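The values are calculated or read from the model by the stated rules, or taken from the named source; none is laboratory data. The structure displayed is predicted, hence computed values, not measured ones. Positions of Cβ are backbone-derived with ideal geometry, glycine not excepted, and every protein chain shown enters the neighbour counts. Ligands, DNA and RNA are excluded from the accessible area calculation, which covers all protein heavy atoms including side chains. Shrake-Rupley method; radii C 1.70, N 1.55, O 1.52, S 1.80 Å.
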Amino acid sequence: MRIKFLSVIVSFLFVSVIISSCLGSDEVEYSSDATIHAFSIDTIYGVTYKFTIDQLGGKIYNEDSLPVGADTIIDRILIKTMSVTGFVTSKDEQGQDTLFNIADSMDLRKPITVKVWAPDGLNSWEYVIQVNVHQQDPDSLNWGNPKGEAPRAIKTGFSGGKIVGKQKSVILNNELIVYSIVNGQVVAYKTPTISVSDPTQVASGTNWAALSTITGLPASVDLSSILAFDGNLYAVASNAVYYSGNGVEWTLHPNLNKYPVTTLLVGYPDVSTGNLHNTIGISGIVNNGSTNVFAMTDANASSWTLGDQVPSNFPLYNISSNTYSSSTGILGSMLMGSTTPDMSETLALTLPWGSYNGTSWADLSVLTYNCPALKFPTMMYYNGQFYAFDNKFDQFYYSPTGITWYETDAKFFFPEEMATRMGGYYSAVVDDNNFIWITCSNNTADSDNTTIGTDDVWRARLNKLSFASNTKN
């Protein structure tokens with residue numbers, strides 16, 4: 001029940017204060033506290049959502065938005081807690097003051113304004129209560145297009161049509177850099193992954209520029225060997241390791257060419273926290289004089305430690321790798337790739353390979369639920385599990401451990417518009433803001449020389465990875 005005509009009640013309270021102040025030794029001092037000390041609403045799908053009270057700004061809101069569809073719940077919901085010293089009023093539909101009664105269920109789909117009156121009847125403070133609700137399904141992959149519009153590339157012609165073949169994308173110093181070989185020269189194009197003017201914001205992904213002329217890196221570079229480690233880029237060309245601090249000027253590495261180097265596999269970062277395995281360095285494949293063996297550099301990338309012999313079915317080309325923290329807190333790595341340098345490979349299935357130390361790798365094939373055959377595969381560790389796809393751009397596959405693989409549901413999808421990219425060259429990378437970047441070359445089909453897509457850029461992120469979590473069970 002709401003009590004109307006509060007002006008009468010408030011006037012009476014003022015009179016009470018005045019009379020009390022004239023009673024001499026019987027004087028009563030009323031509190032001037034006109035603030036809300038605690039606020040909560042009923043549970044949503046069994047979860048209690050925390051509300052923040054901004055006392056200076058007069059705002060009450062939930063930082064973690066309610067799930068999609070919760071607006072059908074908060075259209076008639078109870079406020080469980082509203083802790084005040086005095087009493088609370090609000091305006092009714094006719095603009096009249098009413099006593100705010102939290103025993104009544106109410107519609108919180110739109111912000112409401114309440115006023116807290118202190119017991120002294122002199123002080124008051126207004127609050128706007130706003131309940132935020134997600135407008136996006138947290139488990140859906142968002143390709144960055146406005147609601148209701150079909151997904152499309154965020155940038156078309158990022159290289160001006162120059163990148164037509166193999167490419168490799170890497171992240172260095174908050175920039176996405178895409179390398180390729182054009183007319184016998186190494187070229188690269190870049191875009192910032194965070195806003196230059198406001199580092200707390202992500203960049204649009206539409207502003208691309210060519211890097212200055214690449215120096216020191218031979219055109220014989222194995223593009224898939226390019227990787228980032230400890231603030232530098234490393235790559236293999238003609239069985240030698242090159243490195244660069246800016247992606248433009250490359251130098252023959254002074255310490256990592258004691259052995260002929262076949263390729264680089266993955267960089268184990270420095271994660272000296274918790275129980276994570278403290279392996280730090282770059283895993284690669286070198287020739288010990290008689291055969292190819294796995295090898296691992298030290299943390300300074302200044303020397304190799306040799307390991308196991310490389311199996312004949314281990315992928316040496318088009319390598320896609322990731323590091324991750326296992327359920328037991330150990331830092332590991334996973335990769336996929338090809339055993340042929342082009343896209344002619346035909347396999348019954350794609351073998352993922354795993355390692356905990358960089359010098360010993362094992363294939364993770366099982367009798368059932370293997371990863372299907374992927375030509376030119378990409379594998380990424382994302383949202384706590386592994387995902388894989390290839391240049392058909394028709395299906396993601398996921399695995400909790402990298403051993404058993406399943407098709408993702410309809411929420412984790414490729415846009416139908418990417419079908420025009422099927423069969424072309426591409427590369428993919430995940431940045432620090434959980435965006436999946438897929439850059440495609442300006443490709444033509446080998447069979448009939450028909451265009452199957454321009455050099456464009458696609459970007460997606462799982463909605464939940466853009467949400468701030470602030471809930472409690």
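The packing ranking, built from the mean of other Cβ atoms within 10 Å per residue, places the peptides 166-175, 315-324 in the order 315-324, 166-175, highest first. Mean sequence separation of contacting Cα pairs (under 8 Å, at least six apart), scaled by the length of the stretch 326-418, corresponds to a relative contact order of 21 percent. Can you give the % of DSSP beta bridges in the chain that are antiparallel, to the nearest 5? Among the beta bridges of the chain, antiparallel pairing accounts for roughly 95 percent. Remark: accessible surface ordering of Arg152, Arg461 (largest first) is Arg152, Arg461, probe radius 1.4 Å.
Cross-link pairs exceeding 28 Å between alpha carbons, from the set Lys168/Lys392; Lys162/Lys464; Lys162/Lys258; Lys59/Lys155; Lys50/Lys110; Lys162/Lys411: Lys162/Lys464; Lys162/Lys258; Lys59/Lys155; Lys162/Lys411. Applying the criteria of a DSSP loop state and at most 11 other Cβ atoms within 10 Å to the chymotrypsin sites (Phe, Trp or Tyr not before Pro) of the stretch 326-411 yields Tyr369.
Could you tell me the distance between the Cα centroids of the stretch 203-245 and the stretch 129-149, to the nearest Å? Going from one Cα centre to the other spans 36 Å. Taking all protein chains as they are arranged and a probe of 1.4 Å, the heavy atoms of Asp54 leave approximately 50 Å² accessible to solvent. Relative contact order, whole percent, for the chain stands at 13, derived from Cα pairs under 8 Å and 6 or more residues apart.
Rolling a 1.4 Å probe over the protein heavy atoms gives the stretch 22-138 an accessible area of 55 Å² per residue. Under the combined filter of DSSP loop state and at most 14 neighbouring Cβ atoms within 10 Å, the stretch 59-139 retains these GluC sites (Glu not before Pro): Glu63, Glu93. Expressed as a whole percent, the accessible surface of the chain that belongs to carbon and sulfur atoms is 50, based on a 1.4 Å probe.
Average accessible surface for the stretch 151-208: 46 Å² per residue, computed with a 1.4 Å probe over protein heavy atoms with every protein chain in place. Treating r as the C-beta distance of Thr328 and Asn183 and R0 as 41 Å, the FRET efficiency rounds to 0.25.
Excluding ligands, DNA and RNA, the accessible surface per residue across the stretch 350-432 is 42 Å² with a 1.4 Å probe. Only protein heavy atoms count here; on that basis, with a 1.4 Å probe, Thr328 has an accessible area of about 100 Å².
Checking the cross-link filter: which aspartates and glutamates have an alpha carbon closer than 18 Å to that of Lys115, excluding same-chain neighbours under 8 positions apart? Output for Lys115: Asp33, Asp54, Asp92, Glu93, Asp97, Asp104, Asp107, Glu126.
The helix-based estimate of mean residue ellipticity at 222 nm for the chain, built from -39,500 (n - 2.57) per DSSP H run of four or more residues and divided by its residue count, is -1000 deg cm²/dmol to the nearest 500.
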